[in-house]
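Working notes for the structure below.
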Amino acid sequence: MEDTLKDFWATRPRRPRRGRKVAGVAAAIGDRYRIDPVIVRVAFAVSAFFGGAGVALYLLGWLFFAEEGDEASAGEALLGKGRSSVSTHLAVVLAIALIPAVSWFLDRDFTGFVGAAAALGLLFLLHRNRGHLGPVRTYEPTATDNHPQPARRPATGEQQAGVDQSDQPRQPPAWDPLGAAPFAWDLPEPGHAQQDDEPEPSPKRKSRVGALTLVAMLVACVATAVFGLSWADGGARPMIGVLLAVLGAGMVLGALRGGGRGLIWLAVPLAALGIATTALPDQARFNGFGEIHTRPTSLEQVQSEYRKSVGEVNVDLTGLPADGEVTTSVGADVGTVVVTVPRTADVRVSCTTGVGDVACLGSQESGPGAAVRDQTDLGDDGEGGLKINLTAAVSGPGSVEVRRG
């Protein structure tokens, strides 16, 4: 491991000046180990959301991966170990930004450490198995290069043999016996032009990774349905999860063996669909737009649920009799929920909202995930009389209010 780490530092990737999206860290890793940089960018994004480690790792790469043509990286330049094209001010800003970035994933739960360990472990294995490969990108020397090499004329056969031509008499070639063109005496004899000994590169074979991945996704669909994870049993989520897993494996294989780049256009909408289905509740359904205003006067008239997808739901329970017990749920996906209960009723209530305000029988909360759960209020006359079990909720943005009438 020590030898691998030393070799990685000595031959660490260089950030390219072209083809990069932000600072070129992902492009540098992809170029150094000859894999698709899209896979590296996806890995950074996943580790950023999975505990926040991706942000800190990207900043470290920005600081300690030198640009093409630079003598040293920005971090090394700050320590006086060479010059870098990254300005000192930007390098200082990056170093300062590392402090909250590292603190962010250290202060979170164990997922931050898992994300950091997984990313560093994958980079270690990548260098262990593909560290012998050099970068495929070439670049022209720039003004920042310290030792530009001057162009040299190729040596003639006599010069390569160690013969100094400065003191040798020059003879005209056979095709010019009169010596009428002394300026062309260095030209080779006709018919003896050097030919390129390098064979022509064979045409690159088209990768089959994309086709094989699509076949594997079809097989995964069938296997998922056979083993019980069907649309009817678990909705779209299990199927989408399995397809994304197969698609991700195909993209990684394509990055290592070449090909499969077009799979990204299938992965993006499929991932968006997976996020959408995960965000929806298990029994999500459309309940329409508009308003509900109701005032039941008997226990039988109280429905088990009052709900709208978007709108206002106002339920007045002050007309109910003084004795008995009712259980109801009042909610909306986006909008306002207002429930009015009698002053003397014994109420057990839970109020929640995705983002917004909650005012629940004197208790107030606001912000994302505002909630007042399992609160019991016995009313003005204490325990006894009408009992109401109530759930009031807005799953998205909106407000919830439960009050005495």
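The values are calculated or read from the model by the stated rules, or taken from the named source; none is laboratory data. A quick note: this is a predicted structure, and the numbers were derived from the prediction, not measured. Reconstructed Cβ throughout: ideal geometry from the backbone, glycine too, with neighbour counts over all protein chains shown. Keep in mind that these areas ignore ligands, DNA and RNA; they rest on the heavy atoms of the full protein, side chains included. Shrake-Rupley method; radii C 1.70, N 1.55, O 1.52, S 1.80 Å.
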*Can you name every residue in segment 377-405 that is over 44 Å from the mean Cα position of the chain (by Cα) and open to solvent by 60 Å² or more (accessible area, probe 1.4 Å)?*
Leu378, Asp380, Asp381, Glu383, Lys387, Arg403
_Subset of segment 314-360 (residues that are part of a loop (DSSP other than H, G, I, E, B) and surrounded by fewer than 19 Cβ atoms within 10 Å (Cβ to Cβ))_ = Thr318, Gly319, Pro321, Ala322, Asp323, Gly324, Arg343, Thr344
*For Glu291, all conditions in the list (1) modelled with pLDDT of 75 or more; (2) part of a helix (DSSP H, G or I); (3) open to solvent by 60 Å² or more (accessible area, probe 1.4 Å) hold save one; what is the number of the exception?*
(2)
*Do we have Pro368 as closer than 18 Å to Thr294 by Cα and surrounded by fewer than 21 Cβ atoms within 10 Å (Cβ to Cβ) here?*
no
*asked:* Six or more apart or on different chains, Cβ atoms under 7 Å: show the pairs whose first residue is in segment 292-315 and farther than 21 Å from Pro397 by Cβ and whose second is among the small types (Gly, Ala, Ser) and not in a strand (DSSP E or B).
replied: Arg295/Gly319; Pro296/Gly319; Thr297/Gly319; Leu299/Gly324
*Could you say whether any residue in segment 80-92 is exposed (fewer than 14 other Cβ atoms within 10 Å of the Cβ), hydroxyl-bearing (Ser, Thr, Tyr), modelled with pLDDT under 85 and closer than 28 Å to Ile39 by Cβ?*
no
*Residues being outside any strand (DSSP E or B) and within 18 Å of Asp316 (Cα to Cα): count how many of those fall in segment 381-401.*
2
*Residue identified as open to solvent by less than 40 Å² (accessible area, probe 1.4 Å), among the small types (Gly, Ala, Ser), part of a helix (DSSP H, G or I) and at pLDDT below 95 among Ala276, Ala255*: Ala255
*asked:* Going residue by residue through segment 79-92, is there one that turns out to be closer than 20 Å to Lys6 by Cα and aliphatic (A, V, I, L, M)?
replied: yes
_If I go through segment 44-74 residue by residue, how many of them are aromatic (Phe, Trp, Tyr) and over 18 Å from Asp31 (Cβ atoms)?_
2
*What single numbered condition from (1) at pLDDT 80 or above; (2) among the aromatic types (Phe, Trp, Tyr); (3) farther than 16 Å from Val337 by Cα fails to hold for Tyr306?*
(3)
*Candidate set: segment 20-47, residues that are open to solvent by 60 Å² or more (accessible area, probe 1.4 Å) and out of contact with any Leu (no Cβ under 7 Å at 6 or more places or on another chain); chosen: the one nearest to Ala249 (Cα to Cα)*: Val42
*All helices (runs of 4 or more DSSP H) inside segment 1-95 with 3 or more residues being under 15 Å from the mean Cα position of the chain (by Cα), among the small types (Gly, Ala, Ser) and at negative phi*: 37-49, 53-64
